[in-house]
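Heads up: the structure comes next, in structure tokens.
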Amino acid sequence: MAVQNYVQTIARTLMEEMRRDERVVVLGEDVGKRGGVFLATEHLYDTFGPDRVIDTPLSEAAIIGAAIGMSVHGRRPVAEIQFSDYVYPGFDQLVSQAAKLRYRSGGAFTAPMVVRMPAGGGVKGGHHHSQNPEAHFVHTPGLQVVYPSTPSDAKGCLKTAIRGDDPVVFLEPKRLYRAVKEDVSDDVDFTLPSGSGVRRREGDDVVLISYGASMGETLKAADTLSEQGIAADVIDLRWLMPWDERLVLERVAAVGRVVLVSEATHSASMISEVAATIAEEVLDMLEAPPLRVSGFDTPYPYAQDRVYLPGPNRILHAVQQVLDY
Amino acid sequence: MITDAQRFQPFSEEPIRLIDEGGAWVAPFSCDLDDDTLIGLYRHMVLGRMVDERLVRLQRLGKSSFVAPSSGHEAAQVGIAAALRVGRDWVFPYYRDTALALALGWPLEEMLGQMMGTRADPARARQMPAHPGSRALNMFTVASPIASHVPVAVGTAIAQKLAGAGDATVCTFGDGATSEGDWHAGVNFASAQGAPIVFACENNRYAISVDLQHQTGSPNVAAKAHAYGMPGYLVDGMDVLASYLVMRDVMAAARDGLGPALVELTVYRYGPHSTADDDSVYRSGEEVAAWRERDPIPRYRRFLEAREVWSDAREDELRAALKAEIDVAVKASDDAGPVPVEWMFDDVLSRPTPQLERQRERFRAARRAAGEDVEG
Ligand SMILES: Cc1ncc(C[n+]2csc(CCOP(=O)(O)OP(=O)(O)O)c2C)c(N)n1
Ligand SMILES: [Mg+2]
């Protein structure tokens with residue numbers, strides 16, 4: 001076990017995977033000498049050199065497109081998009097090329113690759129350093145999507161993503177990069193299965209469902225509730241495609257009340273998908289309608305950087321509503 | 001003015017320069033600028049430098065969250081600004097264009113409001129610092145995604161051509177931007193249309209940590225123009241007179257219907273990429289120091305002194321006056337105070353959607369329930 005924060009865990013996990021499998025290559029803007037603008041690729045360049053740690057020109061289309069081509073040729077690329085907000089110049093490559101490759105070739109070509117990208121707000125970064133783009137990718141068949149919220153989960157999910165056979169969009173909550181440290185297993189084969197969610201708290205009064213950066217606020221709200229004698233069951237989805245329907249439906253059916261939390265914009269969001277599935281599958285077990293606490297249907301604001309986020313107050317308000325229903 | 005365009009040769013191997021490091025005029029033609037114009041350029045360069053240094057201090061004090069230092073780029077930026085007819089031509093700047101925006105006449109208080117995210121920002125503190133914009137100046141609001149403004153600028157230039165009023169557009173960006181697909185898409189379209197636009201690259205040799213050799217296999221940025229069928233000028237962007245006169249001539253050519261051009265202005269950024277960067281990881285202190293020796297401001301000052309239009313006394317006077325102006329603007333921006341929370345819901349579409357209205361109501365209800373001041 002080693003005590004480390006999220007971003008250190010990413011760098012160390014990449015180091016382990018590059019040692020284990022020489023097919024693994026890292027590419028992106030500033031990932032080499034600079035070690036990444038967040039240091040998520042620190043020491044890789046010194047260890048593996050410029051052939052396996054590629055400082056690319058400033059083009060996300062080139063980064064993602066070339067990662068696909070390398071994967072087709074037998075490499076295991078881990079591409080970094082400096083901020084998820086900058087994936088859009090490479091969006092076509094992800095959506096049109098990577099996501100449809102296996103399908104359109106009848107399985108003849110596949111793209112086992114990972115596209116890592118820091119996401120989420122609360123860092124005073126304005127529109128283009130704060131967004132949560134997961135819904136775009138969840139809405140694109142042919143991609144796996146994961147958004148781990150803790151260092152340990154980041155390690156386990158990143159290894160699963162690198163070792164798997166699909167293109168994986170790997171979102172990292174940049175607000176939590178240095179916010180928490182925890183003991184992370186030093187087992188080099190520590191993986192967490194694709195599609196597995198996890199229960200962070202156990203309780204019978206209300207289920208809180210979240211993932212990624214918003215897990216911090218969700219757990220804070222759960223702690224406040226517990227001080228008030230309300231026991232929240234907290235589920236961290238972790239994987240967004242595929243996601244853990246079994247865990248969610250089982251807990252929601254057992255408790256009967258659910259609040260879903262995500263800082264992504266409200267309309268057509270990941271939590272909307274989960275809420276719709278709950279309504280379809282276990283409506284008759286519900287004591288109250290599922291409530292979503294989310295970001296707003298606005299571009300991410302600069303000045304209201306913190307209030308935009310679904311903080312504990314907004315979560316508690318929604319919990320009160322489902323309890324009072 | 002077309003003869004001016006022919007005065008400078010595209011695709012030169014060495015950057016076009018009009019004054020040398022010592023400030024001596026080295027061009028084979030004489031300088032046609034009057035003293036007021038010459039001094040005005042200097043004033044804007046010093047203003048840019050002083051504001052940049054102040055912004056870095058404000059960031060350290062927690063008064064601003066981010067700065068993209070522009071020191072070292074002043075000659076290029078002031079030269080570009082001087083070639084624009086404010087209010088007629090359009091400019092699509094990028095985040096490092098502090099001196100350019102100020103030289104165009106962007107009021108200091110508005111700039112500081114933007115940098116400090118206060119009510120003094122006419123854009124309502126919607127964007128992070130270093131994202132200028134001004135309707136009055138035809139200065140398009142900066143967006144962070146690199147090169148995303150290039151095709152937009154081309155569209156404006158095409159509209160200018162359609163309008164037939166003889167106006168033109170300048171689009172600025174860094175060396176890294178030339179790798180983005182949007183950059184190539186825009187430059188190609190401008191060429192196919194013969195649009196009145198000048199693409200001005202502030203080449204500081206780095207895109208954050210990535211140096212030019214890793215950015216492109218082209219010998220320089222100007223050379224890229226060749227493939228697009230437009231002239232590409234390689235200019236010493238630390239020589240304000242070369243920057244201005246080349247820009248002036250290619251803008252005149254664009255206005256005359258001769259089509260687009262690419263101008264590469266070679267500069268160096270003295271600071272880190274941004275206040276979030278540590279540049280010591282990827283470039284040496286000696287390298288930075290060597291470029292400091294070539295600072296565009298003292299270089300141009302030597303030119304002015306040789307012409308006997310500048311002196312130590314005038315320098316002191318200028319700096320004192322600018323400092324006073326900056327102090328006033330910083331205070332005014334600070335005093336303007338933070339923007340109201342609920343401003344974040346405005347300006348998404350021409351009218352708020354019912355969905356957003358409902359979200360705002362729920363937001364208010366939650367804040368009220370938590371005992372917060374909802375009107376604040
Ligand atoms: C599409 C996109 N990708 C990545 C970034 C992150 N980023 C911000 S500035 C920068 C480097 C830009 O370098 P250059 O174009 O040379 O301009 P300079 O900052 O050197 O003036 C990068 C990679 C971004 N803003 N937009
Ligand atoms: Mg640059």
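The values are calculated or read from the model by the stated rules, or taken from the named source; none is laboratory data. Please read these numbers as outputs of a predicted model, since none were measured by experiment. Every residue, glycine as well, gets a Cβ built from its backbone with ideal geometry; the counts of neighbours run over all protein chains shown.
Quick notes on this one:
- Here the condition is being small (Gly, Ala, Ser), part of a loop (DSSP other than H, G, I, E, B), touching a residue at least 12 places away in the same chain (Cβ under 8 Å) and crowded, with 24+ Cβ neighbours inside 10 Å; of B:143, B:130, it holds for B:130 alone.
- Per the conditions (1) assigned by TED's automatic domain parsing to the domain that holds residue A:316; (2) surrounded by 21 or more Cβ atoms within 10 Å (Cβ to Cβ), the sole criterion not satisfied by residue A:151 is (1).
- Residue match in region B:180-193 (condition: within 30 Å of residue B:297 (Cα to Cα), of a type outside the set (A, V, I, L, M) and buried (at least 21 other Cβ atoms within 10 Å of the Cβ)): no
- Only one of B:249, B:256 that is farther than 23 Å from residue B:236 by Cβ and either within 14 Å of ligand 1 (Cβ to nearest atom) or modelled with pLDDT of 95 or more (or both): B:256
- Number of the exception - residue A:30 against (1) surrounded by fewer than 19 Cβ atoms within 10 Å (Cβ to Cβ); (2) in contact (Cβ under 8 Å) with a residue 40 or more places away in the chain: (1)
- Output for region A:299-313, where each listed residue is within 7 Å of chain B (Cβ to nearest Cβ) and either among the acidic types (Asp, Glu) or not in a loop (DSSP other than H, G, I, E, B) (or both): A:313
- Of the residues making up region A:314-325, those that are touching a residue at least 60 places away in the same chain (Cβ under 8 Å) and either part of a loop (DSSP other than H, G, I, E, B) or more than 9 Å from chain B (Cβ to nearest Cβ) (or both) are A:319, A:322, A:323, A:325.
- Matching residues in region A:69-101 - criterion: being away from chain B (no Cβ under 13 Å), buried (at least 18 other Cβ atoms within 10 Å of the Cβ) and of a type outside the set (Val, Ile, Thr): A:70, A:71, A:75, A:76, A:77, A:79, A:94, A:97, A:98, A:99, A:101
- If only residues of region B:191-228 that are away from chain A (no Cβ under 14 Å) and without any contact (Cβ under 8 Å) to a residue 60 or more places away in the chain are counted, the one that is nearest to ligand 2 (Cβ to nearest atom) is B:220.
- Pair list, Cβ < 7 Å and 6+ apart or interchain, from region B:35-55 residues that are without any contact (Cβ under 8 Å) to a residue 60 or more places away in the chain to residues that are among the hydrophobic types (A, V, I, L, M, F, W, C) and surrounded by fewer than 23 Cβ atoms within 10 Å (Cβ to Cβ): none
- Residues that are of a type outside the set (A, V, I, L, M, F, W, C) and more than 13 Å from residue A:147 (Cα to Cα) were ranked within region A:161-174; the one that is surrounded by the most Cβ atoms within 10 Å (Cβ to Cβ) is A:167.
- The residue of region B:197-237 that is nearest to residue B:154 (Cα to Cα), among those that are among the small types (Gly, Ala, Ser), in a loop (DSSP other than H, G, I, E, B) and within 12 Å of ligand 1 (Cβ to nearest atom), is B:237.
- Take the conditions (1) of a type in the set (A, V, I, L, M); (2) under 19 Å from residue B:279 (Cα atoms); (3) at the interface with chain B (Cβ under 9 Å from one of its Cβ atoms); residue A:44 misses just one of them, which is (3).
- Among the residues of this structure, residue A:50 does not count as one that is over 26 Å from residue A:178 (Cβ atoms), within 16 Å of ligand 2 (Cβ to nearest atom) and surrounded by fewer than 23 Cβ atoms within 10 Å (Cβ to Cβ).
- Among the residues of region A:187-225, just one is crowded, with 18+ Cβ neighbours inside 10 Å and aromatic (Phe, Trp, Tyr), namely A:211.
- Residues that are among the β-branched types (Val, Ile, Thr) and part of a strand (DSSP E or B) were ranked within region B:161-196; the one that is farthest from residue B:262 (Cα to Cα) is B:169.
- Residue check, residue B:100 away from chain A (no Cβ under 11 Å) and more than 16 Å from ligand 1 (Cβ to nearest atom): no
- Residue count for region A:116-143 under the criterion of being away from chain B (no Cβ under 14 Å) and either surrounded by fewer than 24 Cβ atoms within 10 Å (Cβ to Cβ) or in contact with a helix residue (DSSP H, G or I) (Cβ under 6 Å, 6 or more places away or on another chain) (or both): the result is 11.
- Pairing each residue of region B:256-280 that is within 14 Å of chain A (Cβ to nearest Cβ) and within 13 Å of ligand 2 (Cβ to nearest atom) with any residue that is of a type in the set (A, V, I, L, M) and in a helix (DSSP H, G or I), provided the two are 6+ apart or on different chains, yields C-beta distances under 8 Å for B:279/B:288.
- Residue in region B:174-190 that is within 16 Å of ligand 1 (Cβ to nearest atom), touching a Lys or Arg at 6+ places or on another chain (Cβ under 6 Å), in contact (Cβ under 8 Å) with a residue 24 or more places away in the chain and assigned by TED's automatic domain parsing to the domain that holds residue B:96 present: no
- For region B:42-80, the tally of residues that are in a helix (DSSP H, G or I) and touching a strand residue (DSSP E or B) at 6+ places or on another chain (Cβ under 9 Å) stands at 5.
- Members of region B:50-67 found to be surrounded by fewer than 23 Cβ atoms within 10 Å (Cβ to Cβ) and within 21 Å of residue B:297 (Cα to Cα), listed by number: B:50, B:53, B:54, B:56, B:57
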